[in-house]
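The values are calculated or read from the model by the stated rules, or taken from the named source; none is laboratory data. None of the values given here were measured: they were computed from a predicted structure. Positions of Cβ are backbone-derived with ideal geometry, glycine not excepted, and every protein chain shown enters the neighbour counts.
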Amino acid sequence: MTPEFLRPRPHVAGLHAYTPGLQPTEQGWVKLNTNECPYPPSPAVAEALRREIGADGAALRLYPQPTSARLREVVARAHGLQPGQVCIGNGSDDLLNLLVRVFCSPAAAAGLTVPSYSLYPVLVAIQDGAPEPIPFERDLRLPVGRILASRAPVFFLTSPNAPTGVGFSREEIEAVLRGYQGVLVVDEAYAPFAREDAVGLLARYPNLVVIRTLSKAHALAGIRVGYALADPRVIDLLDRVRDSYNVSRLSQAAAIAALEDPGYYAGIIARIRGTRDRFSADLRDRRGWFTYPSQANFIFTEPRGADGATGLEVARSAYDFLCGRKVLVRHFPSHALTASFLRISVGTDGEMSTLSDTLNAWQSSLRA
Ligand SMILES: Cc1ncc(COP(=O)(O)O)c(C=O)c1O
């Protein structure tokens, strides 16, 4: 029974929170479920954190720089932009939330493709806004015509897409930008692993917002830093609704150190792409498992049972078998285009080889 003193706004009473991937606390898991980086961040990050804390932590008495000004400069330099084109968030989720706060209301929909990052509709629901979903077909081609027909003031597009790993070309994104009347948000959480990105389009399209995170390629999911790149007039709107101290001192210091060490990250990104491509070949060898070509640090594959069958139950059987052997991947059972697939984050070569052996054991268990 809900006590009488609890009177949330009606739309809040009906909300369902976002379901994050499992974060097991005990040791021994091969954790391939939330697309974290399998390698540590640049050694410069730990050094910067120690420097920021100092001998006695005295600096932590003080609030952080409210606009993350230095970090904005470092991000701008990394992308050949001006600091006024950058806003820093407490993870990119923070920026997605700010965008929804700026543009969405019960009367103003947010367009999104389905399946994509499942946080977008949750953020829209929190704002009592209306999501306008545009479904992909099984070929996962970008439905450009349907996006152009949308009247939503903001449209969220994930590229490379999650959970499928399929990337959209700059030409396809430009085709949307040329005709779409609202703000197009291209969430590039996984772009460092892709062949191309949309940053170069910012110079020509003031209605483009590119979102990046340091949680994936930069191995800093625990630090919570993301950023938006956009026209200064869009950045100004985000700053109006942003919490004034949204990024901690430690997070700002860690992010600056990471972005100032691009050579280190080029190395681990190349390793992850190499492992991804080898593991994709391993999956192709498994009697015709269908796998979308991945431009991300995860792979979306459709397991086949002993009789060649695919489907939700087959995917669930593989997921449960892996989980029982402490190999954690992700299964999204609630959408027709995802239910028969597993999303597998790219780990170290050793972790992928454990996964591969465990999938072999699952296949043998089906034949027994
Ligand atoms: C497409 C996409 N966007 C954003 C995020 C969130 O990133 P952050 O850790 O920066 O909030 C994720 C995390 O999984 C993601 O998959």
Looking at the stretch 166-221, which of its residues are under 23 Å from Leu98 (Cα atoms) and charged (D, E, K, R)? Asp187, Glu188, Asp197, Arg212, Lys216
Can you find a residue in the stretch 118-128 that is more than 16 Å from the ligand (Cβ to nearest atom) and within 27 Å of Ala221 (Cβ to Cβ)? yes
Looking at (1) touching a Lys or Arg at 6+ places or on another chain (Cβ under 6 Å); (2) in a loop (DSSP other than H, G, I, E, B); (3) outside the structural domain of Leu342 (by TED's automatic domain parsing), which is the only condition Ala306 fails? (3)
Read through the list (1) over 24 Å from the mean Cα position of the chain (by Cα); (2) under 18 Å from Ser244 (Cβ atoms), then give the number of the only condition that Leu49 fails. (2)
With the checklist (1) under 30 Å from Ala266 (Cβ atoms); (2) surrounded by fewer than 21 Cβ atoms within 10 Å (Cβ to Cβ) in hand, flag the one item Leu337 doesn't pass. (1)
Give me the residue from the stretch 145-199 that is in contact with an Asp or Glu (Cβ under 6 Å, 6 or more places away or on another chain) and assigned to a helix (DSSP H, G or I) and, out of that set, farthest from the ligand (Cβ to nearest atom). Arg170
What is the one condition in (1) outside any strand (DSSP E or B); (2) surrounded by fewer than 20 Cβ atoms within 10 Å (Cβ to Cβ) that Leu96 does not satisfy? (2)
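To keep it simple, each residue is scored yes or no on (1) within 22 Å of the chain's Cα centre (by Cα); (2) under 24 Å from Thr25 (Cα atoms).
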{"residue": "Gln295", "(1), (2)": "yes, no"}
{"residue": "Phe298", "(1), (2)": "yes, yes"}
{"residue": "Gly308", "(1), (2)": "no, no"}
{"residue": "Leu322", "(1), (2)": "no, yes"}
{"residue": "Lys326", "(1), (2)": "no, yes"}
{"residue": "Val329", "(1), (2)": "yes, yes"}
{"residue": "Gly350", "(1), (2)": "no, yes"}
{"residue": "Thr358", "(1), (2)": "no, yes"}
{"residue": "Ala361", "(1), (2)": "no, no"}
For the stretch 200-214, which residues satisfy the criterion of being within 16 Å of the ligand (Cβ to nearest atom) and either more than 16 Å from the chain's Cα centre (by Cα) or assigned to a strand (DSSP E or B) (or both)? Val209, Val210, Ile211, Arg212, Thr213
Within the stretch 320-346, work out how many residues are in a strand (DSSP E or B) and farther than 13 Å from Leu359 by Cβ. 4
Consider the stretch 234-252. How many of its residues are in contact with a Lys or Arg (Cβ under 7 Å, 6 or more places away or on another chain) and away from the ligand (no atom under 16 Å from the Cβ)? 1
Enumeration of residues in the stretch 1-51 that are within 16 Å of the ligand (Cβ to nearest atom) and among the hydroxyl-bearing types (Ser, Thr, Tyr): Tyr18, Thr19, Thr34
Any idea which of Ser280, Ser353, Ser317 is of a type in the set (S, T, N, Q), touching a helix residue (DSSP H, G or I) at 6+ places or on another chain (Cβ under 8 Å) and outside any strand (DSSP E or B)? Ser317
Return the residue satisfying two criteria in turn: it lies in the stretch 215-233 and is surrounded by fewer than 21 Cβ atoms within 10 Å (Cβ to Cβ) and under 13 Å from Val183 (Cβ atoms), and of such residues it is nearest to the ligand (Cβ to nearest atom). Asp231
